[in-house]
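Structure in structure tokens, see below.
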Amino acid sequence: MNLNCGLDLIGEVLYGKWKIRLLWFIHQGHLRPSELQRKIPDASRRVLNIQLKELEEHELLSKKIYAQVPPKVEYYLTDFGKTLIPVISALGNWGDQHEDRLRNVIMKRMGENA
């Protein structure tokens, strides 16, 4: 594993198709796994659970389990996780500013791979 710079480190922590979205949606107040599943319907429950666990292991999320039947689980951003929100917001703004161009290059690439 090559962890020589900040980009390597952030790639290791945020690698995963849904991790940035999970962090963003939890920041917006969608705390329960069922809510997150509704916000990201293309992701399987299993994959979301794996990525939530990894974000927790990387100390970006914390999990609260309520002692009730059935068990209730909620995820929260840690203080460390909250430091990523401005970065995620900046990436989202960049995507919004270049939406047409990004859609075009993505669709073009998908057409080439079909």
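The values are calculated or read from the model by the stated rules, or taken from the named source; none is laboratory data. Not measured: the values here are computed from a predicted model. Note: ideal-geometry Cβ built from the backbone for every residue, glycine included; neighbour counts use all protein chains shown. Ligands, DNA and RNA are stripped out before the accessible areas are found, and what is left, the full protein with its side chains, is counted by its heavy atoms. Shrake-Rupley method; radii C 1.70, N 1.55, O 1.52, S 1.80 Å.
Which FRET efficiency, nearest 0.05, do N104 and N49 yield, Cβ-Cβ r, R0 41 Å? Let's see the in-between values first.
Working: r = 34 Å, r/R0 = 0.84.
According to the calculation, E is roughly 0.75.
A follow-up question, please. For the range 35-93, run through the trypsin sites (Lys or Arg not before Pro) and keep only the ones in DSSP coil with at most 15 other Cβ atoms within 10 Å of their Cβ. Display every interim value, and only then the final one.
Details: sites: R38, K39, R45, R46, K53, K63, K64, K72, K82; in loops: none.
Filter output for the range 35-93: empty list.
In addition: Determine the per residue accessible area of the chain with all protein chains present and a 1.4 angstrom probe, expressed in square angstrom. Provide the component values of the computation, followed by the final result.
On the way: 8360 Å² over 114 residues.
On a per-residue basis, the chain sits at 73 Å².
State the percentage of accessible surface on the chain attributable to carbon and sulfur atoms; use a 1.4 Å probe and exclude ligands, DNA and RNA.
On the way: 4580 of 8360 Å².
With neighbouring chains kept in place, the figure for the chain is 55 percent.
Please compute the length gained on full extension between S89 and E59, using 0.36 nm multiplied by the number of residues separating them and subtracting their Cα-Cα distance. Spell out each step's value before the answer.
Details: separation 30, 0.36 × 30 = 10.80 nm, distance 1.96 nm.
Working it through step by step, the gained length comes to 8.8 nm.
Additional query: Once the piece of chain linking Q28 and K82 is laid out straight, how much longer is it, given 0.36 nm per residue of separation minus the C-alpha distance between them? Could you put the intermediate results ahead of the total?
Numbers: separation 54, 0.36 × 54 = 19.44 nm, distance 1.14 nm.
This chain segment gains 18.3 nm when fully extended.
Got a sec? Which residues in the range 95-110 would a label at I20 touch, if it sits 7 Å along Cα→Cβ and we count backbone N under 15 Å?
From the range 95-110, the list is 95-100, 102-103, 106.
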